[in-house]
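Rule-based calculations on the coordinates, nothing more; no lab input. Just so it is clear, the structure is predicted and the values come from calculations on it, not from any experiment. Every residue, glycine among them, receives a Cβ derived from its backbone with ideal geometry; neighbour counts consider all protein chains shown.
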Amino acid sequence: MPSIFGPILAQMVAVAVGGRTEARAIYGEDKHYEASARPNAQFDLRWRRDSLSLGYGASLTVTPLESEPRSLLIFQGANLNYTHRWKLTSLTVGESFGYGRLNFQTLGVQDPNGLGLSGNGTGTAKPPPVPLGSFIDPQTGAITGTGKQPVINQIRGSDRQVLYQSFATNISVNHRISAAATVFGAASYFVSGAVEAADSDLYPSVKGPIFSGGTWYRLTGADALSTTATVQYAMSSRSVSSWIAMVTEGWAHRLTPRTNTQLGVGLSGTRTPDPSGLTRYSIYPTFNAGITHFTRLASGKFVAGFTAASAPSLDLVSATVDPRLSFGANVGWSRHKFSTNAALFTSVSVAGEGSTTAFSSLGGSAGVAYALTKALSVDGGLRLSYQTLQRTTLVPFTYALFAGLTLAIPVYSDVR
């Protein structure tokens, strides 16, 4: 008798579980110790034309370790994505959420990988060839498609525990016109902010849609062009609203099989409240540039990258628009089971003297890792964070020394 699960389980089923345990000493306005555990699980199904992915992770942090009273901060996150593929077209819909207690002042020196934040982690995976057509995200300055990026905490820090939530619904369509040309479009809606009224003064609810679309065209084996248009609208629970519209022309050029460069220029228009109570309309030129390089060094693999970008950004606290310059750099080296890396990222507001929402931040990390087995690795290093708001220090220069243990186990995998 044929199995009724045959059509469902056809092609591929994969289940993986893992987690990370970390201890860290944090030095800022004061010194204290923390410990965290981050279990996670991933479930994937893939058919000939469809794929389904479900992920869940939690962060449990005990702070401070050395004295009473101690607090247990629990933050949970999950995501669900479904993709359907036709011959030349793919459609993806997804949902993600995060909910729990956080301390944003020390979040910048915590392990970023468990909360869906960008991070430059350690590992020994073989670096892939530089993908042609990977462009820089103007909001973060990160080169998409080239691996993990430098740590940056874009949300203002405050030394208090906040019950925080974030939700996002996404849909995207990609259509291949020819072997050299692709068009794409995407829409999403996000909500983020404090749950409790007592924290809404620092972290009000901010929500709104984001629409984007564009084209990608490969000119030659070494060159590709892109055109991207993005419109974002946001409104906060304080009845403040802003929008950003941006058009960018990008050029990716492969210098060598292991070196890729990106350059983009564009124009943006914004609408945002003025400190005087009026509404300000502005036009900003935008740009992004970057380079990544992979090579062999001292019998190991070496990777380095640098990015620079200028674009208006949405402030997720005030729901206003802040023009920012962003710079990022990262280097890494691995050999056999050993790897080391360092990364630095800064975002600097270029708003005028009269702005009350000019936000700047600095993040960085450096670490080493060793793979004990295919599933188990140990690592340690240093992270740093710093934030200002209109030249007033929000987060003083803070750094953390950390040591961690990471486990990743493929529980089940079946291909039919």
Q | Karplus-derived 3J(HN,Hα), 6.51/-1.76/1.60, for each residue of region 341-349, Hz, glycine and proline x | A | 7, 8, 8, 8, 9, 9, 10, 10, 6
Q. Cα gyration tensor of the chain, axes a ≥ b ≥ c as square roots of the eigenvalues: rounded (a/c below 1.5), prolate (a/b > b/c) or oblate?
A. rounded
Q.
What distance in nm lies between label points placed 7 Å from Cα along the C-beta direction at residue 183 and residue 49?
A. 2.1 nm
**Q.** Pairs of lysines in the chain (C-alpha under 13 Å apart; 8 or more residues apart or interchain)
**A.** 4
Q: Place +1 on the Cβ of every Lys and Arg and -1 on the Cβ of every Asp and Glu in region 6-415, take the dipole about the Cα centre, and give the residue among 37, 243, 55 whose Cα lies farthest towards its positive end.
A: 55
Q | Sequence-separation-based contact order of the chain, relative, with Cα cut under 8 Å and 6+ spacing, percent | A | 16 percent
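Tell me, in nm to one decimal, what length is gained between residue 33 and residue 263 on full extension, where the rule is 0.36 nm per residue of separation less the Cα-Cα distance?
That works out to 78.5 nm of additional length.
Place the peptides 310-319, 232-241 in order of packing, highest mean first, counting for every residue the other Cβ atoms within 10 Å and averaging per peptide.
Result, highest mean first: 310-319, 232-241.
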(Q) Expected output is a single nm value to one decimal: the length gained when fully extending between residue 282 and residue 82, i.e. 0.36 nm times separation in residues minus the C-alpha distance. What is it? (A) 68.2 nm
Q) So what are the ³J(HN,Hα) numbers for region 18-31, from phi and the Karplus equation (6.51, -1.76, 1.60; θ = phi - 60°), rounded to whole Hz, Gly and Pro as x? A) x, x, 9, 10, 9, 10, 8, 10, 10, 10, x, 5, 9, 10
Q. Based on Cβ point charges of +1 for Lys and Arg and -1 for Asp and Glu, what charge dipole magnitude is obtained for the chain about its Cα centre, in debye rounded to the nearest 20?
A. 1480 debye
Q: Report ³J(HN,Hα) in whole Hz for each residue of region 61-70, in order, from the Karplus equation J = 6.51 cos²θ - 1.76 cosθ + 1.60 where θ = phi - 60°; Gly and Pro get x.
A: 10, 9, 8, x, 7, 8, 8, 9, x, 9
Q | For the chain, calculated [θ]222 nm from helices alone, where every DSSP H run of n ≥ 4 adds -39500 (n - 2.57) | A | -500 deg cm²/dmol
Q. Peptides 72-80, 54-62: what's the order by average Cβ count within 10 Å, highest mean first?
A. 54-62, 72-80
Q) Amide H neighbours of residue 32 under 5 Å, counting only residues 5+ apart in sequence or on other chains, H built in-plane at 1.01 Å? A) 26
Q: Tell me which residues come under 5 Å, amide H to amide H, from residue 203 once H is placed; ignore anything under 5 positions away on its chain.
A: 194
